[in-house]
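The structure appears below as structure tokens.
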Amino acid sequence: AGGNSQSLNGSYNFPFKKLAIYKSDGYVTSNATFSVDDTLFFIKGSFITKSTNELTLKLNSKVVGASDSSHVQGPAKKIGNTAFIFPTGANNSYRPIEMSAPSTTTSEFTGEYVEDSVTINTVQRDSSLGFLIRDKYWKLNRNTGSSQVYITLSWDSLNALVDTFVNVASWNGSQWNNLGKGNVYGNKTSGSITSTSVATSYNEFIL
């Protein structure tokens, strides 16, 4: 808590049972790994993580309160066999990626939201796909296990769509694959979509 930016430093893992971030100003940068066993509360302010200094949500842990003003900027890892919404975002925008329940308690997935200005790899795509929103995308890596999960992506007023003719697509290393259009909730301004197929490649995901 507090009005100044803070950091977690050290060459070891910080294990928390419950952890809350409530920064009236600033953020918390992770220069070490840290984990949460029970509940991670987002009130205000964001955690900034890196692949070498990431946040791990343990088996049966949960996240409460993630929003535009409070989320993870960088990767977050989840262990377990429950469906999970990764509390990811960037530049004061909460952009979560959700996965269905993995099949084993030892499954590990890492989620992250990325913004860049490069619209690459958009030509190599399944013929059923049209325009790809590649400058804003999600990463979901399967670190441990062989579970295949359904993916849910969302949008909001800051990232509104032209229409709701959307699908979920994943990059398989050589082209974008169409994972289909399952349940769609909301409208052009705010909503979410779930893939009709489980992902077989775990790398980049886009609308």
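The values are calculated or read from the model by the stated rules, or taken from the named source; none is laboratory data. Source: prediction; values computed, not measured. Cβ atoms come from the backbone with ideal geometry, glycine included; neighbour counts cover every protein chain shown. Note: areas computed on protein heavy atoms with side chains; ligands, DNA, RNA excluded. Shrake-Rupley method; radii C 1.70, N 1.55, O 1.52, S 1.80 Å.
Taking the condition of being open to solvent by less than 20 Å² (accessible area, probe 1.4 Å) and of a type in the set (Gly, Ala, Ser), how many residues in the stretch 135-177 meet it?
Residues meeting the conditions: 3.
Could you please give the count of residues in the stretch 170-200 that are part of a loop (DSSP other than H, G, I, E, B), under 16 Å from the mean Cα position of the chain (by Cα) and under 14 Å from residue 141 (Cα atoms)?
Qualifying residue count, the stretch 170-200: 1.
Is at least one residue of the stretch 21-32 among the acidic types (Asp, Glu) and more than 21 Å from residue 140 (Cβ to Cβ)?
yes
I need every pair where a residue in the stretch 127-145 that is among the hydroxyl-bearing types (Ser, Thr, Tyr) has its Cβ under 7 Å from the Cβ of a residue that is modelled with pLDDT of 90 or more and surrounded by fewer than 17 Cβ atoms within 10 Å (Cβ to Cβ), sequence separation at least 6 or different chains.
137/114; 144/106
Being touching a strand residue (DSSP E or B) at 6+ places or on another chain (Cβ under 8 Å), open to solvent by 60 Å² or more (accessible area, probe 1.4 Å) and among the small types (Gly, Ala, Ser) is true for just one of 191, 186. Which residue is that?
186
Pull up the stretch 128-163, narrow it to residues that are at pLDDT 95 or above and part of a loop (DSSP other than H, G, I, E, B), then point me to the one that is nearest to residue 191 (Cα to Cα).
Here the answer is 150.
Checking residue 140 against (1) closer than 19 Å to residue 81 by Cβ; (2) touching a Pro at 6+ places or on another chain (Cβ under 9 Å), which single condition isn't satisfied?
Result: residue 140 fails condition (2) only.
Only one of (1) closer than 23 Å to residue 136 by Cβ; (2) in contact (Cβ under 8 Å) with a residue 40 or more places away in the chain fails for residue 55. Which number is that?
(2)
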